[in-house]
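The values are calculated or read from the model by the stated rules, or taken from the named source; none is laboratory data. Worth saying up front: this structure is predicted, and the values here are computed from it rather than measured. When we count neighbours, we look across all protein chains shown, and the Cβ atoms used for this are built from the backbone with ideal geometry, even at glycine. What goes into the accessible areas is simple: the full protein's heavy atoms, side chains included, and nothing from ligands, DNA or RNA. Shrake-Rupley method; radii C 1.70, N 1.55, O 1.52, S 1.80 Å.
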Amino acid sequence: MFDLRSDTVTRPTGAMLKAMMSAPTGDDVYGEDPTVNRLQDTLAERFGHEAGLFCPSGTMANQIAINVHVAPGDEVMCHRLSHVYNYEGGGIARNSGASVRLLEAPGGAMPAAVIRSEVNPADSHFARTGLVCVEDTVNKGGGAVQSLETLKEGSTVCNELGLPFHLDGARAWNALRNTGADWTAYGRMFDSVSLCLSKGLGTPAGSVLLGSKAFIDEAHRSRKVMGGGMRQVGILAAAGLHAMDHHFDRLQEDHDRASRIGELLADHPAVDHVDQVETNIVIASLAGGRPASDLVEAQRAQGILCSAFGPHKVRWVTHLDFGDEGLKHVLAALADWR
Ligand SMILES: *Cc1c(COP(=O)(O)O)cnc(C)c1O
């Protein structure tokens, strides 16, 4: 089976397992796991932040960030497509007692003018706007990469309004690979950043939350409350350090393979349109109101797993365990499908 449901299905490579097996470890709840500390410090430094916190998942890293930034009753501003709103189980309300203000703009972007116009006035009738949360790349937006200029303007307007600006950077690696932006300058646009190690980079688990020393101190408490404190997780942190060194550059391969799939689908008679492929996600909308399950099942019969991503939309995600042999097979199967 070629599994293209997500880039989370990858297995650790032999070299990654070796790095994990030889990692020095300690009790991370005491802050004594040297490999976790090295990962947190390395990422904080590379992204221009003071400190980092290893978390079990991207969801928890985002939810902790929201929890630290806002007070109950506040409003979190995010895009209608955002993961924090759509795919985190209503956690903004459940974990932090906050409500949500959804923005609309093409491609999951959060332009400064839209942010400014949606901030509530300082009037007791309204919820206090407590946080602006942006996502890069935009998962539900087909892996769309945010424009650096728009992010910069968003950062400036948040600064001016005294609002924290959080990046859900679960897929920021793909964005950085695409734009070639400097990691430090990129990271400094945000008050906090969450980064997933288990998506494009291909580790078994883990995310890192970055921010100021004071923010990370509070995040530590929030992680404890959510039950996310773990012990000898240097084995996972070692996978992350290995992946940063060995799996970042190769993301271009994933992007190239996704783009080949996107090109074939764009010309396919049974496909209405394909969202622009900028990274490793391909989303195609079927023509003539055909259900997504038609194609998902046809692909499955050919040994390919992809996902229904809406009534007429199908999604493929390329990754570390999908190579040229797989690509050839997928392209042939799609070309034959009618
Ligand atoms: C996958 C993902 C997350 C959540 O990560 P998990 O590790 O699955 O909890 C958050 N944001 C975005 C944009 C993602 O793609």
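Miscellaneous remarks
- Those residues of region 1-42 whose amide nitrogen sits under 20 Å from the label point placed on ARG250, 7 Å along Cα→Cβ: 1-23
- When peptides 151-161, 49-59 are sorted by average Cβ neighbour count within 10 Å, with the highest value leading, the order is 49-59, 151-161.
- Taking max minus min of the alpha-carbon positions on each principal axis, region 250-336 gives extents of 37, 26, 20 Å, largest first.
- Mean-position separation - Cα centroids, region 175-204 and region 1-38, in angstrom: 18
- Region 1-160 - share of DSSP beta bridges that are antiparallel (%, nearest 5): 10
- Here region 114-236 has 49 percent of its accessible surface on carbon and sulfur atoms, given a 1.4 Å probe and all protein chains in place.
- Site pair VAL9 and LEU161 shows an inter-label distance of 4.0 nm when each label is modelled 7 Å from Cα along Cα→Cβ.
- Full extension of the chain between GLU218 and ALA105 yields a length gain of 37.5 nm, computed as 0.36 nm times the residue separation minus the alpha carbon distance.
- Straight Cα distances below 20 angstrom link LYS313 to the lysines LYS140, with same-chain residues fewer than 8 positions distant left out.
- Cysteines of the chain lacking any other cysteine Cβ under 4.7 Å from their own Cβ: CYS55, CYS158, CYS196, CYS306.
- About its Cα centre, the dipole of the chain is roughly 580 debye, where the only charges are +1 on Lys and Arg Cβ and -1 on Asp and Glu Cβ.
- Heavy-atom surface of region 250-336, accessible at 1.4 Å and reported per residue (Å²): 43
- The protection proxy used here, the mean number of other Cβ atoms lying within 10 Å of each residue, ranks peptides 226-234, 196-204, 65-73 as follows, highest first: 196-204, 65-73, 226-234.
- Proximal lysines to LYS213, defined as alpha-carbon separation beneath 26 angstrom and excluding residues fewer than eight positions away on the same chain: LYS152, LYS224
- Magnitude of the charge dipole for region 181-338, about its Cα centre and with charges confined to Cβ atoms of Lys, Arg (+1) and Asp, Glu (-1), is about 720 debye.
- Extension gain, ASN120 back to TYR87 (0.36 nm per residue minus Cα-Cα distance, nm): 9.4 nm
- Across all C-alpha atoms in the chain, the radius of gyration and Dmax reach 20.2, 61 Å.
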